[in-house]
1. Using a probe of 1.4 angstrom, how much of the accessible area of region 242-333 is carbon and sulfur, in percent?
2. List the GluC sites (Glu not before Pro) within region 260-327 that DSSP assigns to loop and that have no more than 11 neighbouring Cβ atoms inside 10 Å.
3. P(r) tail for the chain, what percent of Cα pairs lie past 33 Å?
4. Go from 0 up to the bin containing the longest alpha carbon distance in region 174-333, width 10 Å each, and give me the % of pairs per bin.
5. Sticking with the crude label model, points 7 Å out along Cα→Cβ, report the distance from Asp25 to Lys245 in nm, one decimal please.
6. How large is the convex hull of the Cα atoms of region 266-333 per residue, expressed in Å³ as a whole number?
7. Taking every pair of alpha-carbon atoms in region 103-188, what share in percent sits in each 10 Å bin, from 0 to the bin with the longest distance?
8. Rounded to the nearest 0.05, what FRET efficiency do Glu238 and Glu267 give with R0 = 25 Å and r taken as the Cβ-Cβ distance? Could you check?
Amino acid sequence: MKDIQYNAANTRIRTYESSLFSNRDFEAWLGLNEADEIYARLRETSYGDFIDEDSDVHDFEDVLLKEKKRIYEQMYSLAPDSRVVDLFTLKYDYQNLKLLVKADYMEQDFDEWLVPFGSKPLEVLKYLVRVRRSDQVAEQMNACIQEVYEYIEGYQEIQDIDIIFDNHYWAHLRDITEELDHPSFEKMYERNIDIFNISTALRSHLLGRKKGFISAVLVEGGSLSVEKLADLLGHSLEDFFDYLKETAYRPLIEASYDEIVNQGTMETFDLLKDDFQMDRLKEQKIVPFGPAALVGYIFAKEMEIKNLRILLISKINKIPEEVLRSKVRESYV
């Protein structure tokens, strides 16, 4: 991949960045009393393209979904290599495949829950599940569906198919990362694996899962040893934390330690892992060439939409401002 290929795209991306909501915007919205007030503000932005005159604030989910769909369509049209955008949309393919397989097994229609964007059109994914093989998808995805149905046919249940999907998703993401052959993507992939493994290991531990289960759900490919993470957590939570405090992920653990240990919840960790990723991408904003601007903008837009969802749901349900404030993610601008 040649970084100079991104010059034209980066110029356009910088203009898009000016429309992102800032920390100051979210700070102002935190102080509003009603969800309708936030919704009214959204009418004056790009989100307003999807808000009808008679639209109600409770329709916000459809608005956010359509905005995300538009963003990915824009990014695919801009990116010199569509695989860069695939790094973000691939998760939606596997999310949709999980639903399609479960709908097939349960003989139900889950179409209303499908996400209308991804690296592949929904019709391609539906064909793959129906026929169980397709020339329009990567071999990794074909292998995933074949393994899933072998499991279902062997055990006559779908309890553990999410693990199969997750393993193939990460392997597929690794394949794309290796094909792109760019150091920034290799580092991002490694970081994503590490954060996934820390999060998954902790959640499994809090649910009372044993070392064997934890080892099975963790993913190879990060900078942290899967075997060591499982071993340490199998011994004690304190040993697990002590190990992570000597890594780049120390900020995630130190700030969320008390909540995890004393309350058995991970809300602080979930917020911090998003902010941790945002901070790493912000560090790349000064890079004038290459895919950093495009990657940063996509992640920024994902976090913006997540923040809006949190704000609107919380305001609709009258969540106190001080509680809501602890849930809002860092902005990119």
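The values are calculated or read from the model by the stated rules, or taken from the named source; none is laboratory data. Everything quoted here is computed from the prediction, not taken from an experiment. Don't worry about glycine lacking a Cβ; one is built from the backbone with ideal geometry, like all the others, and counts go over all protein chains shown. The accessibility values were calculated without ligands, DNA or RNA, using every heavy atom of the protein model including side chains. Shrake-Rupley method; radii C 1.70, N 1.55, O 1.52, S 1.80 Å.
1. Of all accessible area on region 242-333, carbon and sulfur atoms account for 53 percent.
2. In loop regions of region 260-327 (DSSP not H, G, I, E or B), the sparsely surrounded GluC sites (Glu not before Pro) are Glu283.
3. 33
4. P(r) for region 174-333, in whole percents per bin: 10, 33, 34, 21, 3.
5. 3.9
6. Normalising the Cα hull of region 266-333 by residue number yields 77 Å³.
7. With 10 Å bins starting at 0, P(r) equals 15, 43, 32, 9, 1.
8. The value I calculate is 0.75.
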